[in-house]
């Protein structure tokens, strides 16, 4: 059974275009509207502030800049988000974001699905693998 | 007064002694004289007695006094003799039992022009042991030691003339020994005798020489050794330090300065950055006995100018025979380089983890996109495989430069192996950073694949001109890349923009800025123009070395056909 989060707007921040494709493809396949992907901190910050958002998927290292300012804006706006990083180390994450869910690259779609459903409090039966 | 006749010598003497005149009664004179004890006195008193005409009781009295006098003299003489004997005995036992050699020598009175010489009057048993010479008594120095160098007699003669003793060391050459001697004038009537006490110090000298050599070696090692060394006494006062220690501390503490204890550095920190007062440093802990020793403890030395150096310390306590701590010695060495290497390795490991995760993520994306859409599975498989190979080639290009960057020429060369003269590529040596290199390799692959399937490389007369450059200075430097296809089939802009197009347009745009893509009638034109600083590898992206290739691709410097 295909799950749908129809109309949910999700900001994707990822500096590597090709890597972002997996996330973008997956989000679109479950019905989300992808905002971005933003590949640089400035662009990401801009989108985080001005766009209407239901959630965000954030890469931690954006071409040398850390994503924390974007995370802060989202937190203040009450937009839930998760980190998607190659090497997420708790010691490197600022304390306010220590409890934010962290996923490792390459993206495992099941996990992202579970996180999003937890965020949006939508119960989804996961039956079988979904290949995109 | 005393009978007839002139007073005898004895009487005169007596009177003289008593300080009396001739009229003084004999009795008194005897009494007075009796207090002065001497052989002359006795003689005088005898004389006095001989003068007859003494009355009986005076005679008895005189006799008694004389007797007493005599007894006293005898007992005194006996005492003196006993004391003398006792002294002799003591002298003798000392003479015989001491370890040191002892002798008494007497200057030989020779005529003018005769060489100075001294005769051995007596020598104790130890004399032979210490000097190696025996049966010396009765011989002179020159007789007993004919081959001995000059100087001995002169020395002894000087003692006689100055009266001052001398202590000296001298080699007894003829017997191969080093002696330590103390010689003094014997205060007697002869004024010609010298007493000598001496000891064979050959062995001691040898040991001293060995010790000195050992000290020298230690000292040289201490100073020249590459390890910093210093030591303190039991109260932590620095006793000595070597040059390397001063180098690492960046200063020289004043030795023995009680304000500078335990460490000669300006400031000390733990590796975590917390400050350590000198009284609490590892050296202090070893000296106080808090810890038995230090092995491989790391500390951070800060110098006055703020510079820091990481060192590892090895400390051992110094103890006396009773096992009490008398100080401690510290050897420490610089591990800054090691720490930097560790940090670099840590960084590289992180980078590696990052890179490999990234690579997998990119492969996942490519796989996903290559397998979707309207292609047959067989075609999709081929497309996917080739794209992954292009990725692999970018890794090869990276590895060639030790992961510092990837050569543009190398990426192109790897893509076109086997294309003979349909492709001409040229440009300077440019190293792209690892992320950009990946995209670039994929872009080149897509352009090549597209050219092969639909473009210039699908016809034998078509060709591709590839040219790149790195021009301008510093901040304004630009990296430019051009792909020109000619003589291919008529160009038709694609109806659908598939993954390949996404790569050359959007992926490229992210790393190189928006490329110029034109589907001119002559053929596809593709151009990139990016700031060199954004795409070049950290170590320096461009050295203007021209590459000369020996591969099938004609990589000719700066030719555009």
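For the pair residue B:348 and residue B:514, a Förster radius of 30 Å applied to the C-beta separation gives a FRET efficiency near 0.35, rounded to the nearest 0.05. Region A:17-79 and region B:203-244 have Cα centres lying 67 Å from one another. Going from the residue with the fewest nearby Cβ atoms within 10 Å to the one with the most, A:5, B:168 rank B:168, A:5. Of the peptides B:517-523, B:303-309, B:82-88, the ranking by mean beta-carbon count within 10 Å, highest at the top, reads B:517-523, B:303-309, B:82-88.
A straight chain from residue B:487 to residue B:206 at 0.36 nm per residue would run longer than the Cα-Cα distance by 91.2 nm. Assuming a ≥ b ≥ c are the square roots of the Cα gyration tensor eigenvalues, decide whether region B:137-178 counts as rounded (a/c under 1.5), prolate (otherwise, with a/b larger than b/c) or oblate. Oblate is the answer for region B:137-178, as a/c is 1.5 or above yet b/c matches or exceeds a/b. Take every Cα pair under 8 Å whose residues are at least 6 apart in sequence, average their separation, divide by the length of region B:225-334, and the relative contact order is 27 percent. Mean partner shielding of peptide B:362-375, defined as the number of other chain Cβ atoms within 10 Å of each residue Cβ, is 4. log10 I(q)/I(0), Debye, Cα-only region B:343-555, no solvent, q = 0.08, 0.13, 0.14, 0.15 Å⁻¹? Per q value, in the given order, log10 I(q)/I(0) is -0.27, -0.74, -0.86, -0.99. The mean count of C-beta atoms from other chains within 10 Å of the C-beta of residues in A:7-18, rounded to a whole number, is 4.
Put the Cα centre of region A:107-122 next to the Cα centre of region B:399-442 and the gap is 40 Å.
Projected label points at residue B:461 and residue B:290, each 7 Å from Cα along the beta carbon direction, are separated by 9.1 nanometres. Take the Cα of residue B:175, step 7 Å along the line toward its Cβ, and report every residue of region B:117-141 whose backbone nitrogen sits under 15 Å from that point. Within reach of a label on residue B:175, which here means backbone N under 15 Å from a point 7 Å along Cα→Cβ, region B:117-141 contributes B:120-141. For B:512, B:218, the sequence from fewest to most other C-beta atoms within 10 Å is B:218, B:512. What is region A:1-121 by shape, rounded, prolate or oblate, if you read a ≥ b ≥ c off the alpha carbon gyration tensor as root eigenvalues and call it rounded for a/c under 1.5, prolate for a/b larger than b/c, and oblate otherwise? Rounded shape, in that the Cα axes give a/c under 1.5. Distance from the C-alpha centroid of region B:128-168 to that of region B:275-342: 58 Å, rounded to the whole angstrom. Using a cutoff of 8 angstrom between alpha carbon atoms and counting only pairs six or more residues apart, the relative contact order for region B:101-204 works out to 28 percent. Given R₀ = 56 Å, what would the calculated FRET efficiency be for residue A:68 paired with residue B:252, taking r from the Cβ atoms and rounding to 0.05? Plugging the Cβ-Cβ distance into 1/(1 + (r/R0)^6) gives 0.75.
With 0.36 nm allotted per residue and the present C-alpha distance subtracted, the residue B:158-residue B:321 stretch has 54.1 nm of extension available.
Taking a ≥ b ≥ c as the square roots of the eigenvalues of the Cα gyration tensor, an a/c ratio of 1.5 or more together with a/b larger than b/c marks region B:397-465 as prolate. Note that region B:209-316, at 10 °C in a medium of 1.306 mPa s, gets a Stokes-Einstein diffusion coefficient of 110 µm²/s from its Kirkwood radius over C-alpha pairs. Shape annotation for region B:433-527: C-alpha extents along the principal axes are 41, 25, 19 Å, from largest to smallest. Note on A:34-42: average number of Cβ atoms from other chains within 10 Å of each residue's Cβ is 1. Mean separation of Cα pairs under 8 Å and 6 or more residues apart, divided by the residue count, gives region A:9-120 a relative contact order of 23 percent.
List A:120, B:483 from most exposed to least, where exposure is judged by having the fewest other Cβ atoms within 10 Å.
Fewest to most other Cβ atoms nearby, the residues stand as A:120, B:483.
Need one number: % antiparallel among DSSP beta bridges in chain A, to the nearest 5. Looking only at bridges with both residues in chain A, the antiparallel portion is about 10 percent.
Read-outs: derived from the displayed coordinates by stated rules, not from any lab. Keep in mind that what you see is a predicted model, and the values were worked out from it rather than measured. A quick note on method: Cβ atoms are made from the backbone with ideal geometry, for glycine too, and the neighbour counts reach across all protein chains shown.
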